[in-house]
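The values are calculated or read from the model by the stated rules, or taken from the named source; none is laboratory data. Values in this document were obtained by computation on a predicted structure and should not be read as measured data. Cβ sites come from the backbone with ideal geometry, for glycine too, and all protein chains shown count toward neighbours.
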Amino acid sequence: MSPAHCFSVVVLLSALSGCGAGDDYTDLDAYMNEMRLHGPGRIEPTPVFRSYPAFTYNAANLRSPFSPQISTDLAAQRRGSRNVKPDPGRVRQYLEGFNIEQFEMVGTLSNATGSYALLRGAGGVHRLKIGDYLGRNDGRIVAISGSQVDVVEIVPDGQGAWLERPRTISLKEHS
C-alpha cells in the first residue's frame, strides 16, 4: 500500500471512531420528557383576508399624462385640408402598427445609398430611411439628421378634413 493510501485509511478510521463515542442521550431524553409534559402549544388561527374588488383601468384610450397637452387655441387655429389625406391604397408597413410614442432614436447610419435612422421600439432596433412610415397616424419620415428624425403625421382635424402634424423623435443618448 502506498503511504498516501495508508494515511487516508487512518484518517477515515479516526473520524469513524469519533462518531460512535457515546450512547449517552440523557440530556436529550430529559428535554423530550419536559416537552411532553407541557402539552401541545397553541397556534394562532390564520388571519382572515378581505378580498378587494378588481380594478379596471379605463383611461387607456386617453392622452398620456407624459405627452405635452395641445392648446385648444392652437387646435382651433389649425384647420385641416381636404387635399391632405392618407392614401388608402398604400401597403402598410410593419411599424405602422405601433404607437409612435414608443419609438426612440438611438443612432444613424450612412452609406452610398443614403442616410438611415436607427429607431428602437416594437421589440427591436429598426433601420428607416426618408419616406418610410411608422406610427398609427400615417407618420412619414421627411428628414434625418444626426440628432433627430422629423416625421409628418396625417391626423383627422375633427371636422371631416385631415391635418399634417409634424413630430420630432430626438436622439436618446446613453441608451
What are the residue pairs meeting all of these: first residue in the stretch 1-13, first residue at pLDDT below 85, second residue surrounded by 10 or more Cβ atoms within 10 Å (Cβ to Cβ) and among the hydrophobic types (A, V, I, L, M, F, W, C), Cβ atoms under 9 Å, and 6 or more apart or on different chains? M1/V9
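For the stretch 150-175, what are the residues that are among the acidic types (D, E) and not in a strand (DSSP E or B)?
Kept after step one, since they are among the acidic types (D, E), are these residues of the stretch 150-175: 150, 153, 157, 164, 173.
Result: D157, E173.
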When you scan the stretch 135-150, do you find a residue that is buried (at least 16 other Cβ atoms within 10 Å of the Cβ) and of a type in the set (S, T, N, Q), even just one? yes
Any chance E101 is in contact with a Phe, Trp or Tyr (Cβ under 7 Å, 6 or more places away or on another chain), charged (D, E, K, R) and not in a strand (DSSP E or B): no
For the structure I just gave you, tell me whether G158 is touching a Lys or Arg at 6+ places or on another chain (Cβ under 9 Å), surrounded by fewer than 16 Cβ atoms within 10 Å (Cβ to Cβ) and under 21 Å from L62 (Cα atoms). no
What number goes with the only condition from (1) over 18 Å from P156 (Cβ atoms); (2) at pLDDT below 75; (3) among the β-branched types (V, I, T) that T46 does not pass? (2)
Among the residues of the stretch 110-134, how many are in a loop (DSSP other than H, G, I, E, B), surrounded by 13 or more Cβ atoms within 10 Å (Cβ to Cβ) and over 24 Å from the mean Cα position of the chain (by Cα)? 3
